[in-house]
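Undergrad: Quick one: the structure is below, questions incoming.
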Amino acid sequence: MILETLTIGLVIAACLAIFMDEAVYSVVSLAATFFLTSALYAMNGAVFVAVFQFAIGVGTLAVLFLSGEMLGGRMEKSPSRRNVLTVIVSGAVLALPAVFLSLFGTSSSVPPISFGETLWNLRAADVVLQGLVVFAVALGIGIVLYEKKRKGELQWTS
Amino acid sequence: MDFVILSLILLAIGIYGLLTKRELLKVFISVELIATAATMNFVMLTSSTGIQVGEAFLVLAFSTDTAVSAVVLALLVMARKKYGTSDIGEIVEQKKEPDQREVSP
């Protein structure tokens, strides 16, 4: 249950880092993202990587705070509570697939095939990489078209 | 498998921020999120297979990520000093102006 809570918190923090208007709030959300990622690594047995992630995250965030203060200027308005709640709910909904797979998936049962065989002999690595590329391209095209439509730049002519 | 989905979600959020946000700081944060997603995928596969060499290679990935962050932040500060803004659209507009002056005197 701790892993699922960390997963939901991680996605919410990532969403807040992107969607908050003020630079300082975005950097604070990015700090939460780094910290939760480090905790996830540590809980999965990769303590060495977790320590590295934490150290690098602290260094990056120190510089980001300085640059955010330097570039952002004064905070003129506090973020509206409705926007923050919308982003938090969206992040929690986005994290649901990973949480359901973690709770009810078959990741804990070891398949009879070894991992190396799955990746190389059955060409699973190729399929996963191709799927990632297709997914990223489709997502990008969809977002660009949506933004253009929202701004009224997209006009269908016959 | 659940961590692959989680890293995919982080990748999607990062790509969305990279495509839609015009502030250079937000673009940098999006790049950091994409790098975190890729690293997470690698870490989880490494820890599930038990091959510790992968974690050693991850140190290389971390150092590359840090170098990229340093360069992007330096460029960000320079752009802010030169153009007075960190909005990509405004920077592009300011870069267009001298060319237009040359074309139509």
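Undergrad: Summarise the partner chain shielding of B:37-48 as one whole number: the mean count of Cβ atoms from other chains within 10 Å of each residue's Cβ.
TA: 4
Undergrad: While we're on this one: Express in whole angstrom the spacing between the alpha-carbon centres of the stretch A:27-46 and the stretch B:27-95.
TA: Here the answer is 16 Å between Cα centres.
Undergrad: So how do B:V71, B:V77 line up by other beta-carbon neighbours within 10 Å, fewest first?
TA: Final ranking by Cβ density, sparse to dense: B:V71, B:V77.
Undergrad: Would you mind giving the mean number of other chain beta-carbons within 10 Å of the Cβ of each residue in A:139-148, as a whole number?
TA: That works out to 3 on average.
Undergrad: What average count of beta carbons from other chains do you get within 10 Å of the Cβ of residues in B:16-28?
TA: Whole-number average of other-chain Cβ neighbours for B:16-28 is 5.
Undergrad: For every other residue with a beta carbon closer than 15 angstrom to the beta carbon of B:F42, add +1 if it is Lys or Arg and -1 if Asp or Glu, then tell me the sum.
TA: Numbers: positive: none; negative: B:E55, B:D65.
It works out to a net charge of -2.
Undergrad: Got the relative contact order for the stretch A:8-61 handy, in percent, Cα pairs under 8 Å and 6 or more residues apart?
TA: Over the stretch A:8-61, the number comes to 30 percent.
Undergrad: Just want the ordering: B:L76, A:L132, from fewest to most Cβ atoms lying within 10 Å of their own Cβ.
TA: Fewest-to-most Cβ neighbours within 10 Å comes out as A:L132, B:L76.
Undergrad: Now a separate question. Pop a pseudo-label 7 angstrom from the Cα along the beta-carbon direction at both A:K148 and A:A92 and give the gap in nm to one decimal.
TA: 3.6
Undergrad: Test of understanding: ordering A:I12, A:I2, A:I88 by Cβ neighbours within 10 Å, fewest first, what list do you get?
TA: A:I2, A:I88, A:I12
No value in this document is a laboratory result; all are computed from the given coordinates. Nothing here was measured: the structure is a model prediction, and the numbers come from that model. Neighbour counts are summed over all protein chains in view; Cβ atoms, including those assigned to glycine, are modelled from backbone coordinates with ideal geometry.
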